[in-house]
Amino acid sequence: MAAALFLATEPLMSLMVLTVTIIAVLFVGGVVLAVRARSWPSRVLGLVVAGGAAALVLWIHIPLLVLPTWGPLVAVLALGAWVAIAFDRRHPMVRRLPILGGVVVLVWGAVCLLWADVGLVVTAYVFDIAVLAVGVVFLTRAVRQYRSERGHRSERGHRSERGLGRVAGAVSSVASVLLVLVGCLLLVLSVALRASVDTPDDFYEWHAEVPSAPGTLLRVAPYDGQAPEGARAVRLLYSTTREDGSVTVASAVAAVPDRDHDGDRVVLAWQHGTTGVAVECAPSLKDNALSEEAIPGIGEAMARGWIVVATDYPGQGTRGRYPYLIGEGEGRAVLDAVRAVRSIDDFNASNDVFLWGHSQGGHASLWAGQLAAEYAPELHVLGVAALSAAVDPLTLAIGVTSRSSSAVSGVITSYVLVPYSNEYPEMTLESMVHPAGRGFVEAYASRCATDTTMLVSILTASVISHGQPLYSLDLGPGPVRQRLVHNIARDPGTAPLFLGQGTDDEVVPITMQRSFVERLGSRSALLEAHEYPGYTHMGVVAPGSPLVDDLFRWADGLLSPSA
């Protein structure tokens, strides 16, 4: 009972204990069934269950990782144990077997498959209740034995014990029914929630060989979402390269004014902030990818005759590794999106380009400016604007790990660790995540920050944040620190730079921009930095913010010498 109360405060440890318990029970139970079963089907299924449990240990090598990663598989093996017993109708366990047990395992296996973190949290607490129930049973038996040894048993005692047994059986049955009902409800809700998530269509799939030349336009299609007034909007599919030089495919959305324009048009490359790291998180999948809320000042850009192109980065919309706060991957995707939009004949795009971005996009814009001279020398970068920019991933990581863990920080951290572990072989989730936490981290990274499914991540992260830490990040000398430092944004070359951030930014501390300004002191003539008192992370780029006017005034000043 004490163990159950302790485990109730430590969901992750509860899952570790449960994993070992399940594997042991499946193996031992399977062996016993294979030896003592009275029918061959039961013996065979018993061997399958025992062999499956042994295979989990041998395959994974670390049993504590099995349940978070392979919850549905464990559920199927447990269900196989029930089936094996049910086949042997003469077996005495059949009379004591709750029929709903198999249904419970099957339903919760499906829940773990669709909502791994939800299934695991509920499973952890169900296990705690089961351990508590076992403790109650042990205590009751001990009291009964004590009374029997001292001759204190009476008919009344017999009746109370039988009544307690009936109550326990009733509670078990009711709990099983409730688990099935809750599981079915979660399955129904999952269908509704997933129906609200935008999924990529065939446009984003590229089955042919990817051209080796980065920035090659592969496909163009109309964009069916909201377009700025007087503009035509399209989606682009183009080739780009990752940090390691391998080719991949990325998508983007672009808008061009309908009216005629004298000469070639200036290109504004917009880099979006954090939306998630999954395929479904691409802004071009949304109806509002070209709205003022998504791209501040896009209407003004259209009025000036500019072209606006906004990359999704590879891994959003298209499949593959997503370069979240991975500078080389982000910057190359930005520059290659400009190359691709310049390949559309009737757009008349010039090689003059502005690079603007917010939050993660500010980091990407700085890296694009830093890479442009070498990676895309044909482009003329007029200026780089980094707004509320996540300039320094290491400082952000230190800030998150130094504060008490919260649900939001737990989810956002997964957005960094999963892409980094995919990109860099020396950074593995096993070395950075609690042994029972991998299922949670992968579930969080599979959902978008702007979708309703984010609420599920926040809910489960808030539950497990009260126990042992989900992450075990070593920010001292080592691969994690080395890669975070590697992806710090540097000086974007000779291009003029605009920095803007709200002083009340709750995501990226204003001190990060101030430190960046200090590091760039030697090129202050090309730097214009603004702070906006009272503005938050998103508020500083919202319609009506003074930052947008300052940004276009700065851009006009850069264009006026060539006007």
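For Gly369, the conditions (1) surrounded by 23 or more Cβ atoms within 10 Å (Cβ to Cβ); (2) touching a Ser or Thr at 6+ places or on another chain (Cβ under 6 Å) all hold with the exception of (2).
Looking only at segment 299-337, residues that are in contact with a Phe, Trp or Tyr (Cβ under 9 Å, 6 or more places away or on another chain) and small (Gly, Ala, Ser) come to 9 in all. Phe552 satisfies every condition listed in (1) in a loop (DSSP other than H, G, I, E, B); (2) touching a residue at least 40 places away in the same chain (Cβ under 8 Å) except (1). Each residue in segment 27-45 was checked for being within 38 Å of the chain's Cα centre (by Cα) and either under 17 Å from Val463 (Cβ atoms) or buried (at least 22 other Cβ atoms within 10 Å of the Cβ) (or both), and 2 of them qualify. Gly500: part of a loop (DSSP other than H, G, I, E, B), in contact (Cβ under 8 Å) with a residue 60 or more places away in the chain and not β-branched (Val, Ile, Thr), yes or no? So Gly500 does not fit the description; no.
Restricting attention to segment 464-484, the residues being touching an Asp or Glu at 6+ places or on another chain (Cβ under 9 Å), surrounded by fewer than 21 Cβ atoms within 10 Å (Cβ to Cβ) and either among the aromatic types (Phe, Trp, Tyr) or outside any loop (DSSP other than H, G, I, E, B) (or both) number 4.
Just one of (1) free of Cβ contacts under 8 Å to residues at least 60 places away in the same chain; (2) closer than 21 Å to Asp260 by Cα fails for Ala294. It is (2).
Which of the helices (runs of 4 or more DSSP H) found entirely inside segment 1-104 contain at least 3 residues meeting this: closer than 30 Å to Gly467 by Cα, polar (S, T, N, Q) and at pLDDT 75 or above?
It comes to 11-36.
For segment 412-446, the set of residues classified as of a type outside the set (A, V, I, L, M) and not in a helix (DSSP H, G or I) consists of Tyr424, Pro425, Glu426, Thr428, His434, Pro435, Gly437, Ser446, listed by residue number. Within segment 1-24, the set of residues being closer than 17 Å to Ile129 by Cβ, over 27 Å from the mean Cα position of the chain (by Cα) and β-branched (Val, Ile, Thr) comprises Thr21, Ile22. Within segment 523-530, can one find any residue that is surrounded by 15 or more Cβ atoms within 10 Å (Cβ to Cβ), within 20 Å of Glu330 (Cβ to Cβ) and not basic (Lys, Arg)? No, the conditions are met nowhere in segment 523-530.
When residues in segment 224-241 are screened for being modelled with pLDDT of 95 or more and within 26 Å of the chain's Cα centre (by Cα), 7 of them pass. Here Arg447, Arg483, Arg438 are screened, and the one residue that is out of contact with any Ser or Thr (no Cβ under 8 Å at 6 or more places or on another chain) and charged (D, E, K, R) is Arg483.
The values are calculated or read from the model by the stated rules, or taken from the named source; none is laboratory data. Here the structure is a predicted model, which means the values were calculated and not measured. Cβ atoms come from the backbone with ideal geometry, glycine included; neighbour counts cover every protein chain shown.
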